[in-house]
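Taking it in order: structure first as structure tokens, then the write-up.
The values are calculated or read from the model by the stated rules, or taken from the named source; none is laboratory data. This one's a predicted model, so the numbers in the text were calculated from it and none came from an experiment. Every residue, glycine among them, receives a Cβ derived from its backbone with ideal geometry; neighbour counts consider all protein chains shown. When the accessible area is computed, the model is the full protein with side chains, heavy atoms only, and any ligands, DNA or RNA have been set aside. Shrake-Rupley method; radii C 1.70, N 1.55, O 1.52, S 1.80 Å.
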Amino acid sequence: MTRRKAAVLASALLLSLGAGAQAAPATADTPRYSTGHRTSHVIDAIEHSAHTLRSTEPEGSLQDLHALGRMVGDADVVGLGEATHGSRDFFRMKHRVFRYLVEEKGFRTFSLELPWSSGLRVNEYVLYGKGDLDRIAREEFQGSYRIWNNADYLNLIRWMRTYNRHHPTDPVHFAGNDMGYAGPESYRRVTDEVARTHPHLKSRITALYAGLAPTTDAGTYMERYLELPLAERKQRAKRTLEAYELLRDTSGREHPWTVQHAKAIHQMAQGYAYDITDDAQVTEMMRYRDRVMAENVAWWHEHTADRILLSAHNTHVSYDSFDARYPKTQGAFLHDTLGDDYVSIGFSFHSGAFKAFGTDDNVMRTYRVGAAPPDSNEHTLDQPRRRDYILDLRTAPRAVRAWLSDPRPTWNIGAGWPDPTEYRIALGKAHDILIHLNEVEATTYLGRP
């Protein structure tokens, strides 16, 4: 496998590659209400039950989000998706929603589709101002995760740091929950704690981790890992599993964070131990990944008692696996664990732009899609007079809920573009709440192309 192919494949594996069918641009003579009687009834019902969203900008009044607060209720974890991985309006809206949940609902953690070790490094900046954020982003948001190195997410993280300076006794936290990378500091956290509290295990843990910690930048490490023979990747996973189980059985109660760091190391090794040349194995890898992300979020909630805003693609926060490559989603796993204490919020949009890497060359670019096609979910969702709005899918009028139960073509654009797949999604089975935006624009990407 060539290095470039490995890099493209790693990005494809670790971030959603969904994309709706490309639509023809809207024309001036296309009527806004070009629907049949039944759909017009649905549009009228949405018009009367939706709540107007006045802005996606994180600054300013949050009054229009009180309706969202009532929809969220007492949930401990709120999954907030995105219909693309590279549109500024989704990222800014996440900042705005998190600010509201922090100030009005007592939420204290923002959890991102980012490796556990990278999240800990960002969290040290958020809590203590440790390090330079631009440098942290350059070094941690690499490879599969480089889209997060954008102006909107860095603004959110800086807001979190500012909040903590003003609330030192009740801070907010940043957590990564993904498995794609385990930084060298993860190994040091484990081995240093073992040397301090269980010196008799030091030589064994050191031997199991020998040669595994990254010695290159994160992007290069992830690329080269997939170039290793499958047998070696499986052997590494056996070693990290032994280390994790040894620590779990020895000091699980006394040192839960150390055990969790060891678990995160194993999650990465196990995730890369699947045969990525076998479609069935790739599907199992995706199931494993969503389970891991859910487990890490649930662990964080259990051990910090924080209420959490979980940020990921619509595909991951959803209850319904509408993509055969994702047999069970993070949202479904979290619902199994938390029940009604998990709430899923999806995003939809009618047209606009986004950043994505080219699926043939892995180069980051801006892409744009025109108006959603007439048979799509978004075409109908965009008909009400409100430009942007919030809709509770659980309590919407009966006609709307019936309409939401049928799968239709839907924009589902992930990390890569173009993708010719048409995704048919029943939104009412996927999410509890929907935020619809008329138009979105691409985020300002700060990393390397």
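Which residues, counting only those in segment 184-217, are among the polar types (S, T, N, Q) and open to solvent by less than 20 Å² (accessible area, probe 1.4 Å)?
Of everything in segment 184-217, just one residue is among the polar types (S, T, N, Q) and open to solvent by less than 20 Å² (accessible area, probe 1.4 Å), namely SER186.
Hey, does segment 44-65 have a residue that's touching a His at 6+ places or on another chain (Cβ under 6 Å) and under 16 Å from ARG158 (Cα atoms)?
Checked segment 44-65: at least one residue is touching a His at 6+ places or on another chain (Cβ under 6 Å) and under 16 Å from ARG158 (Cα atoms).
State whether the residues of segment 334-357 include one that is part of a loop (DSSP other than H, G, I, E, B) and crowded, with 22+ Cβ neighbours inside 10 Å.
No, segment 334-357 contains no residue that is part of a loop (DSSP other than H, G, I, E, B) and crowded, with 22+ Cβ neighbours inside 10 Å.
Just one of GLY428, GLY447, GLY370, GLY352 is of a type outside the set (Asp, Glu) and within 20 Å of ARG146 (Cα to Cα); which is it?
Answer to the check: GLY447.
Name the residues in segment 70-93 that are under 21 Å from ALA305 (Cα atoms) and of a type in the set (Gly, Ala, Ser), would you?
Answer for segment 70-93, where residues must be under 21 Å from ALA305 (Cα atoms) and of a type in the set (Gly, Ala, Ser): GLY73, ALA75, GLY79.
Listed here are the residues, each with its yes/no results for (1) under 28 Å from SER311 (Cβ atoms); (2) in contact with a helix residue (DSSP H, G or I) (Cβ under 8 Å, 6 or more places away or on another chain).
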{"residue": "TRP148", "(1), (2)": "yes, yes"}
{"residue": "ASN155", "(1), (2)": "yes, yes"}
{"residue": "VAL172", "(1), (2)": "yes, yes"}
{"residue": "THR197", "(1), (2)": "no, yes"}
{"residue": "ALA207", "(1), (2)": "no, no"}
{"residue": "LEU212", "(1), (2)": "no, yes"}
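Just for segment 376-432: of the residues that are touching a Pro at 6+ places or on another chain (Cβ under 8 Å) and touching a residue at least 40 places away in the same chain (Cβ under 8 Å), which one is farthest from ILE345 (Cα to Cα)?
GLU422
Filter segment 125-170 for residues that are touching a residue at least 12 places away in the same chain (Cβ under 8 Å) and among the polar types (S, T, N, Q); which is most open to solvent (accessible area, probe 1.4 Å)?
ASN155
State all residues of segment 389-405 that are open to solvent by 30 Å² or more (accessible area, probe 1.4 Å), touching a Lys or Arg at 6+ places or on another chain (Cβ under 9 Å) and of a type in the set (D, E, K, R); if no residue qualifies, say none.
Selection gives ARG394, ARG401.
Which condition from (1) over 21 Å from GLY176 (Cα atoms); (2) crowded, with 18+ Cβ neighbours inside 10 Å is the one that THR277 breaks?
For THR277, the failing item is (2).
Search segment 211-229 for residues that are under 11 Å from TYR181 (Cα atoms) and in contact (Cβ under 8 Å) with a residue 40 or more places away in the chain and pair each with any residue that is polar (S, T, N, Q) and loosely packed, with under 15 Cβ neighbours inside 10 Å when their beta-carbon atoms are under 9 Å apart and the residues are at least 6 apart or on different chains.
TYR221/THR215
Could you grab the pairs with beta carbons closer than 6 Å, sequence gap of 6+ or different chains, first residue in segment 185-196 and acidic (Asp, Glu), second one open to solvent by less than 30 Å² (accessible area, probe 1.4 Å) and assigned to a helix (DSSP H, G or I)?
GLU193/THR258
Every residue, every condition in (1) touching a helix residue (DSSP H, G or I) at 6+ places or on another chain (Cβ under 7 Å); (2) modelled with pLDDT of 95 or more, yes or no:
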site: HIS266; (1), (2): yes, yes
site: ASP275; (1), (2): yes, yes
site: ALA294; (1), (2): yes, yes
site: TRP300; (1), (2): no, yes
site: LEU309; (1), (2): yes, yes
site: ALA312; (1), (2): yes, yes
site: HIS316; (1), (2): yes, yes
site: TYR326; (1), (2): yes, no
site: THR329; (1), (2): yes, yes
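Of all residues in segment 86-124 being out of contact with any helix residue (DSSP H, G or I) (no Cβ under 8 Å at 6 or more places or on another chain) and outside any helix (DSSP H, G or I), which is most open to solvent (accessible area, probe 1.4 Å)?
GLY106
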